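A short worksheet on the structure shown next.
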Amino acid sequence: MLTAILALVVCPLAVAQAPQQDSQAANPGSASLGTPTTVHGIVRNGASGDPLPSALVRINGDASTGVLTDGDGRFEIPDIPSGPQDFTVVKPGFIDQVEAAADSDARNQHGFGHNVMVISQMGDIVFTMVPLNSIEGMIQLSTGDVAEGIQVTLLRRTVQDGRVVWQTELGAKTNVEGIYRFGELSDGLYAVYTEPTMESNSATNLVETGSGNNVEREGYASTFYPDARDLAGAAKIKVAGGEQAQANINLTLEPFHSVTATATMPKASTGAADDVAVQVMNAQGHSLPYPAQYDAATHMVQANLPDGAYTFLASLQTNMPHVVSTRNGEVLNLATASPRPVRGEVSFAVAGRAVSGLQDPLSELGGNSIQVIMTRNPNSSAKTGDPNIYVTLTQTGGWMGDGMVGAYAEGSGLAPLQTQHPPPGSYWVHIAIGSKTVCEGSFTAGGASLAREPLVLNSSGTTAPLVLSLRDDCAALTLSLPGSVGSAAGEEPFYTAYVVPDFDSTEDVVPQTLRLSTGGRIKITGLTPGNYHVYTFDRLIALAYRDPAVLASLPGQAVTLSPDADADLTLEVPQR
């Protein structure tokens, strides 16, 4: 799991590839703006098809328009000006069907916006909502005691940056009856696990004070439903259509053995030994929810752990001067108090007894840099300055930290990019380039494409040589809706398009939304020349575009983008 070493960032890709919309298209409803009319329609339950009573229908920005649907799911709002209006529908325990299809964690509690073209004497508008789900269960202890106050975490399977990931959705504690509940869940796949807890039910007292005493305790290990120690062995819980799923977990009391290790500091870090953070990792390098304590006076690391294979990862931050940037050999910026990471790890196994005498030597991490190369096209008409480059990482391996974004390197121009020092592990690399005229050629580690293989960081912090190749002959692609998508009264259709390269790329694909009211076309710049497929949907969708099997099952339009050229593509949209 990415830690504080990796600062959370908002990936700047949307800025780097923000689509340029054509501003010349006319608003199809502009001719009839202003004439008041009555809007009427029905709200349906998408799971059953039945009318949905007591749903609040309103126009965004005008609370006075809000009305509740009647027993037949019908609504009527008078005196609405003709022209485009933004409607929302809200009902507790339900979510808009369009928003639910987006597979997004960022649900809008105020309702999803529907762009409706209002005209006089228009027919019914039909909105659809789907019921939310819940997962609940009882935690049962082998001692027969009530499992009150046990921390339970819910994970959700979703799609992020074209890949399937598991992300933390919610947390809860069991009540006085040992029951937990997660409500208002969208349709999807989930997993549930408990945090480790000692017999005393003090979840914050997993480590005894006074390190080195080899204190043996008993507790309940972190457990995935129904009875697994990791996500791979967990049962996945699928819910849909307002389902209330049950997921009971039995916890067995077992010994938690004391584990102690001495952290040895490098000489250059003398005096900073009180600023050590320790993580408990599993054999695959994933962070576990078991706390460890560090005693600065004795340099001792201690944790209480059940049987299993583990690693202590100790990190120390010290301040030493280093050069921030140079140009032509001249120092431009010298930081006098910048962090220089120091790290050490020791692996061990717990098997029925305490573990002591471990040595965890810390050492200063080796430096990494990304070599940046520009391939210039002598025939290119584009003028390129120093592009801003952002490199981020997301952890791989099907674990709880998947999809968590951390900054890895950033800079401008062609100077080498100095990297940060995330924990050892396996990561997917993402780049974003803040330029319309510079695009990715390739990104490799030791010659291997980082679009195909994850970046592997070892405990010393070093990697195979990193080379980012850029090019200045980027292409542009204008997507347009076909003429068959005309303006009409009622809810305006919209389409989501993904422009997916057939070649390796670490740049993320930004989904584009097209509708007539915003011009019906979008121009995307800064695309690497080559072959692409464009996938178009009549709804919001989080597409796993990095999965070849997913793409092979979908119809797509092939398009070839030539260097330093503009191309146009009329989308083949799904029939409604």
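The values are calculated or read from the model by the stated rules, or taken from the named source; none is laboratory data. Keep in mind that this is a model prediction, so the values were computed, not measured. Neighbour counts are summed over all protein chains in view; Cβ atoms, including those assigned to glycine, are modelled from backbone coordinates with ideal geometry. For accessibility, only protein heavy atoms count, side chains too; no ligands or nucleic acids. Shrake-Rupley method; radii C 1.70, N 1.55, O 1.52, S 1.80 Å.
Tabulated data for the structure shown
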{"item": "Contour excess over end-to-end distance, with Cα ends at D124 and E184 and 0.36 nm allotted per residue", "result": "18.7 nm"}
{"item": "The stretch 513-576 and the stretch 402-455: distance between their alpha carbon centers, rounded to Å", "result": "24 Å"}
{"item": "Probe 1.4 Å, accessible area per residue of the stretch 406-524, Å²", "result": "34 Å²"}
{"item": "Accessible area of the stretch 424-508 belonging to carbon and sulfur atoms, whole % at 1.4 Å probe", "result": "51 percent"}
{"item": "Debye, to nearest 20: dipole size of the stretch 390-473, +1 on Lys, Arg Cβ, -1 on Asp, Glu Cβ", "result": "40 debye"}
{"item": "FRET efficiency, 1/(1 + (r/R0)^6) with R0 45 Å, evaluated for S469 and A296 via beta carbons", "result": "0.45"}
{"item": "Integer Hz, Karplus 6.51/-1.76/1.60 couplings in order for the stretch 136-146, x for Gly and Pro", "result": "9, x, 10, 8, 10, 9, 5, 7, x, 6, 6"}
{"item": "Heavy-atom accessible area per residue - the stretch 226-304, 1.4 Å, Å²", "result": "46 Å²"}
{"item": "Distance (nanometres) between label positions extended 7 Å along Cα→Cβ at A351 and D145", "result": "3.0 nm"}
{"item": "Rounded accessible area per residue of the stretch 32-183, 1.4 Å, Å²", "result": "44 Å²"}
{"item": "For the stretch 445-576, size of Cβ-based charge dipole, Lys and Arg +1, Asp and Glu -1, in debye", "result": "260 debye"}
